[in-house]
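The values are calculated or read from the model by the stated rules, or taken from the named source; none is laboratory data. Remember, predicted model here, so these are calculated numbers, not experimental data. Cβ sites come from the backbone with ideal geometry, for glycine too, and all protein chains shown count toward neighbours. Ligands, DNA and RNA are stripped out before the accessible areas are found, and what is left, the full protein with its side chains, is counted by its heavy atoms. Shrake-Rupley method; radii C 1.70, N 1.55, O 1.52, S 1.80 Å.
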Amino acid sequence: MTRLTTLSKMTATPSKAAHARVGESMTIRVTLDAVRPLVWRQLDIRSDLMLPDLHALIQDAMGWQNRHLHMFFTGKDPYGEGQRYEMRESLEEDDDGSGIVEDGVAVGDLLTAVGDSLGYEYDFGDGWSHRVEVQSIGGDVPESACTGGERACPPEDCGGPHGYAELLKAISDPHHCEYQQYREWLGPFDAEKFDLSDANARIDARRGGIELSVRVTAQWPKLSPLFSRAPLEYHRKLAMMLGSVEFNSEAIDPTVATVAMEKLSWFLARVGAEGLTLTAAGYLSPKDVTAIRDELNWGREWIGNSSREVDNQPVHWLRWSAKALGLVRILKGKLLLTRDGKNLVDDPVGLWKRATSRMPLSNQEFEADAGLLLLVSVAAGSDPIERNSMMMESMELAGWSVPVRETGLMQYTARPTLDFLTLIGALTWSIGSADVNPDWGRTFAAHSLIR
């Protein structure tokens, strides 16, 4: 780990007459306004770098998480006499005619000489304004990189420069009334720490993520909604897992499908042509609960000997999953097979295809997002610690607010999908254990991302 206290690359200051040619390299300094001591980064870029790419580079070098809107602007004030260059999404939502879409605008179109500067604002609520200034022009820059900087990026959503100043004051005094609250929220945060290798690792991960994004979008289209809210290059842990997913497009092994779909097949056969009469409260009868528990060997794995569905969670998973997959329906107090249920009762390969096509299972939007992430982690063969960490990062990037205390429990935000994977045996019964999951579970999860 290296903490830079001075510029790592010192160059003689060229005269103001030096101008950038198309595609020529330049060194820029990005300084966060209204924050003291200064927080800054030095970057080597090419003049033909587009503004959306400069935005991503600033995010990575600074340490922001790309959770909010941004814009570039000329002059000192984004709403003054200068010109604003905004995200397409911003203009589509609220265009007063004074902004220009940032797409297609190169850095060299706006910054042409040493000393030229450009404003960059991130998170319009907190109002993090940055100043981008040209330090030098010329040299060889094959790829953009961070070459220097000082101090940590402020935490997201801390209230802008004023809120950050109050936060620093609170965490510097153990007797401050908000000290403990801030420390629990921030975790191991050091305002004086800047690590150049970390900054460039984020830049490299994004660069690799862009290449991966093209392949992922084509191969796993179900993930596209997640990336519409935050590009894949920002989902660093998710991108790493996706790189470990092996997709086998060959025909589904009937033997494997029979093992995986055993409980569903048995349950559909139990429902049969006559259906199952439900209790007045709409649950499976004690007779059916007992049969499921005994014949599928759940009695040894579930606490107690109750014959009520509400006391046998796996039994409830089975009934709920069959309904969620469109295999059964309720009519006049009876659980009946749907047409698809009748057709698939003796077809485990068909059930496999049906189940993967309906993944992830969810009752709410956040469960759908979490379910997709859970499926990736299973397809990648990740352990519970890796799974929870990735899901925490990507759920926040997708716009969900998750308390830090829930970090180790993130897989449970995907409860319907988690329950189903446990039901069929793709995940071990004791979720969170170090038990080895079956190889076919990885295949099932991978199929679930594309079907």
Qualifying positions in the stretch 76-96 - assigned to a loop (DSSP other than H, G, I, E, B) and among the small types (Gly, Ala, Ser): Gly80, Gly82
Just name the residue that is most open to solvent (accessible area, probe 1.4 Å) out of those in the stretch 375-388 that are free of Cβ contacts under 8 Å to residues at least 60 places away in the same chain and within 14 Å of Thr428 (Cα to Cα). Asp383
Of all the residues that make up the stretch 246-266, how many are at pLDDT 85 or above and either among the small types (Gly, Ala, Ser) or open to solvent by less than 30 Å² (accessible area, probe 1.4 Å) (or both)? 6
For the stretch 435-451: of the residues being open to solvent by 40 Å² or more (accessible area, probe 1.4 Å), modelled with pLDDT of 90 or more and under 24 Å from the mean Cα position of the chain (by Cα), which is farthest from Ser357 (Cα to Cα)? Arg442
Residue list for the stretch 397-415, filter: at pLDDT 90 or above and not hydrophobic (A, V, I, L, M, F, W, C): Gln411, Tyr412, Thr413, Arg415
Residue by residue through the stretch 341-374, note down the ones that are over 21 Å from Val245 (Cβ atoms), in a helix (DSSP H, G or I), charged (D, E, K, R) and open to solvent by 60 Å² or more (accessible area, probe 1.4 Å). Lys342, Glu365
Can you name every residue in the stretch 33-55 that is open to solvent by less than 10 Å² (accessible area, probe 1.4 Å), closer than 22 Å to Val105 by Cβ and at pLDDT 95 or above? Arg41, Leu43, Ile45, Leu51, Leu54
Among the helices (runs of 4 or more DSSP H) lying completely within the stretch 105-211, list those that include at least 2 residues that are under 21 Å from Asp48 (Cα atoms). 107-110
